[in-house]
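Worksheet for the structure shown next.
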Amino acid sequence: MMDQLIPAVLSIEEGEPGFRPDWQDIAFNLNIFVDGVEQRNVVSYSCNAGLLKRLQVSEDGRFIVEGDQVVLETIHGTVEVLRKLK
């Protein structure tokens, strides 16, 4: 994966635009920012559309769960994705 170009649209959710099973470890290889703020728990992003989906976290740092699903939140803004330096 390190030899591949960073996609402008990427998702680890099957059936979503940009789904790439070979990029399942988004967080381990990329730094993802919205409006200059680094994002964590990213599920998908689109640099083209200016949005990012991430797992929603409570103020005490726990994932918010409804039923058996972790709640996703969508953040809008300028999305920038950089490869992490090793």
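Listed values, structure above:
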quantity: Failed item, numbered, when Ala8 is tested on (1) small (Gly, Ala, Ser); (2) out of contact with any Cys (no Cβ under 9 Å at 6 or more places or on another chain); (3) surrounded by 11 or more Cβ atoms within 10 Å (Cβ to Cβ); calculated: (2)
quantity: Test: residue in segment 41-49 that is open to solvent by less than 70 Å² (accessible area, probe 1.4 Å), closer than 12 Å to Val81 by Cα, among the small types (Gly, Ala, Ser) and at pLDDT 95 or above; calculated: yes
quantity: Residue within segment 70-84 that is free of Cβ contacts under 8 Å to residues at least 24 places away in the same chain, in contact with a Leu (Cβ under 9 Å, 6 or more places away or on another chain) and surrounded by fewer than 13 Cβ atoms within 10 Å (Cβ to Cβ) present; calculated: yes
quantity: Some residue of segment 18-31 being at pLDDT 95 or above, of a type in the set (D, E, K, R) and surrounded by 13 or more Cβ atoms within 10 Å (Cβ to Cβ); calculated: no
quantity: When residues of segment 55-69 are limited to those that are in a strand (DSSP E or B), of a type outside the set (S, T, N, Q) and open to solvent by 80 Å² or more (accessible area, probe 1.4 Å), the one nearest to Gln39 (Cα to Cα); calculated: Phe63
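The values are calculated or read from the model by the stated rules, or taken from the named source; none is laboratory data. Just so it is clear, the structure is predicted and the values come from calculations on it, not from any experiment. Cβ coordinates were reconstructed from backbone atoms using ideal geometry, including for glycine residues, and neighbour counts include every protein chain displayed. Side chains included, ligands, DNA and RNA excluded: accessible areas come from the protein's heavy atoms. Shrake-Rupley method; radii C 1.70, N 1.55, O 1.52, S 1.80 Å.
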